[in-house]
Amino acid sequence: MEANTALNSCSGTARDALSVLNHVFGLPAFRGAQEEIVRHVTDGGNCLVLMPTGGGKSLCYQLPSLLREGCGIVVSPLIALMRDQVAGLLEAGVNAAVLNSTLSFDEASEVERRLLAGDLDLLYVAPERLLTPRCLTLLGQANIALFAIDEAHCVSQWGHDFRPEYIGLSMIAERFPDVPRIALTATADEMTRKEIIARLGLAGAPSFVASFDRPNIRYEIVEKQNAPAQLKAFISERHAGDAGIVYCLSRAKVEDTAAALTSAGIPALPYHAGLDAGLRARNQDRFINEDGVVIVATIAFGMGIDKPDVRFVAHLDLPKSIEAYYQETGRAGRDGKPSSAWMAYGLSDIVQQRRMIDESTGADAFKRVSIGKLDALVALAETAGCRRSRLLGYFGEEVTGGNCGNCDNCLTPPQLRDGKVAAQKLLSCAYRTGQRFGAMHLIDVLVGRMTEKVTQFGHDKLTVFGIGNDLNEKQWRAVIRQLVAMGHLRADSEAYNALKLTESARGVLRGETDIMLREAAPGTRIRASRAKSRRGDLAPRAETKPADAGLQAALRAWRADIARQRSVPAYVVLHDSTIDGIAAARPATINELRNIPGIGDKKLEHYGDELLALVKAADS
Ligand code: ADP
Ligand code: ZN
């Protein structure tokens, strides 16, 4: 924690904050730094909040908005997020509204009227809307409790979510210098942080940095062989019936993958920018509102998706950076329950991403940054060590002991072997063939295959021909990937992805550099996890006592009904964890029900009797 606000736990604010947390949100206690942040903002301070997805950022501005005079203005880039947050707040009895392009003129006028009348606690506004002269005039006349700038990393031009309209938000500090500003993001790298502070006028304000660890997410990165089959196996063996997100790079692949899953009996829907807007919105709604839908999407999908019970995020293509990987996988398990982040990747992914960078129109400095980010991600994919330690290390956090016990490498440590000789064979093969060929041809030469190309270039005459038949093709691919990850080899996209030696390769060829390679035992990692999931220890699914299962099913069916009637996502009615809590505690009285996390005053009033009746019916 970087803030050094004086702790004064008996202050009036603290007591009021806790009371609002209990009664409005139905939550027993603050999590991590929430309390300190809420106190700081409620007392009128500015700050930057860095917390991972699911860390509980919303309460950091929702509570001060309720505790301070006036209405909290929340700037948020995505309409779906605003809508669902407002639905959740209304359920909890908070006077919340949105101002965005989905409203008619009359609806917007009504919201404006309520703001001026002091009738709103929280107002969610799209950034482009906020910056209109009309809206600025309106805000100038209203009583404003605070400005919360959500997804604040969107101001960063170097980041992966840059939104030009966010740049204009710097005027909030100039125009409303006395209103507290709280910027929130789940993207933690130093450069982004500095940009947010500079652009949103937060110099001198404290940064609250929470741990970025997501202990309930299990990280797993497998070698890509037959990606669709691997994905189907992963879902049906480990996440049957669960909601999940599958990321692909191209629209075509999104369509193909969704179709393949559907024909395998897995309810999957496509989502990409090329789909008709209506269909896209319908698919997103079904994913959010229904139980157990898999959405197959390009990265156009996800920011602002608040669904708490996404049980897995799968990548069929390599993201651009660790930031992007962490943000995308972070959409799993916001509710804190066991979830998976699974990725299948191969050499062609590195080559493809590298080509996208090289072919982009960005400035050289931008390309260099991008290449550095890609390299860090490839190193994560190839590491034999703990994935979580790598991830957190990238964000400047240390993991004690360096073994998390909840990633593939910690659960099934890969075998390492001395790879010096294999590396030398591969590098000298690339060198002797003129550094003009890709992986396929180099492997053909190494294993001594008489292909047309080998004959054409006379590569069967080289001393390296056939010197590598102690390894098979898959093993050689693994060697190449690791040499690329270690930086001894790189794919040159301007020369048909020819593999070229880097400066550091010299040391390897001279035998001065030790090389340890992870054993590529094709398929074994997946088979291992299959065997384990039968025993139940690699499949992180919640345990349900049989006695609870019937009640749980009844509660879910009831929730689905209510959600349909009220046209809100099921989790807005009750979170999974609240349903689990009721099923486990079986409350018999309103007071017992009040003690379940997630049940605030309004939910008790609206649903208390029905919920108690369901418990009673299940008990009889
Ligand atoms: P973020 O915006 O940081 O991704 P949210 O604000 O959506 O996270 O919160 C994530 C989840 O954690 C939500 O389901 C929320 O109800 C829950 N949560 C937040 N704060 C607390 C708390 N103090 N106690 C229990 N649950 C909490
Ligand atoms: Zn680990």
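Key figures
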item	result
Conditions (1) crowded, with 23+ Cβ neighbours inside 10 Å; (2) at pLDDT 95 or above: number failed by Gln353	(2)
Pairs with Cβ under 9 Å, 6+ apart, first in segment 131-143 and over 15 Å from Ser109 (Cα atoms), second assigned to a helix (DSSP H, G or I) and of a type in the set (A, V, I, L, M, F, W, C)	Leu131/Leu169; Leu131/Met171; Asn143/Leu115; Asn143/Leu116
Pairs where the first residue, in segment 55-81, is surrounded by 21 or more Cβ atoms within 10 Å (Cβ to Cβ) and the second is in a strand (DSSP E or B) and among the aromatic types (Phe, Trp, Tyr), C-beta under 6 Å, 6+ apart	Ile73/Phe147; Val74/Tyr124; Ser76/Tyr124
Residue check for Leu122: within 16 Å of ligand 1 (Cβ to nearest atom) and more than 25 Å from the chain's Cα centre (by Cα)	yes
Hits in segment 585-606 - residues which are in a loop (DSSP other than H, G, I, E, B) and more than 32 Å from the chain's Cα centre (by Cα)	Arg586, Pro587, Ala588, Thr589
Residue list for segment 131-154, restricted to those being within 22 Å of Ser207 (Cα to Cα), in a helix (DSSP H, G or I) and touching a strand residue (DSSP E or B) at 6+ places or on another chain (Cβ under 8 Å)	Ala152, His153
Residue identified as touching a residue at least 60 places away in the same chain (Cβ under 8 Å), of a type in the set (A, V, I, L, M), touching an Asp or Glu at 6+ places or on another chain (Cβ under 7 Å) and crowded, with 19+ Cβ neighbours inside 10 Å among Leu184, Leu146	Leu184
Filter result for the condition that a residue is within 16 Å of ligand 1 (Cβ to nearest atom) and either in a helix (DSSP H, G or I) or at pLDDT below 90 (or both), over Val615, Val568	Val568
Residue in segment 394-410 that is within 16 Å of ligand 1 (Cβ to nearest atom), out of contact with any Gly (no Cβ under 8 Å at 6 or more places or on another chain) and at pLDDT below 90 present	yes
Qualifying strands (runs of 3 or more DSSP E) (wholly inside segment 43-104; at least 3 residues being hydrophobic (A, V, I, L, M, F, W, C) and more than 21 Å from the chain's Cα centre (by Cα))	71-75, 96-99
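The values are calculated or read from the model by the stated rules, or taken from the named source; none is laboratory data. As the structure is a computational prediction, the values presented were derived from the model and not from experiment. FYI the Cβ positions are ideal-geometry reconstructions off the backbone, even for glycines, and counts take in every protein chain you see.
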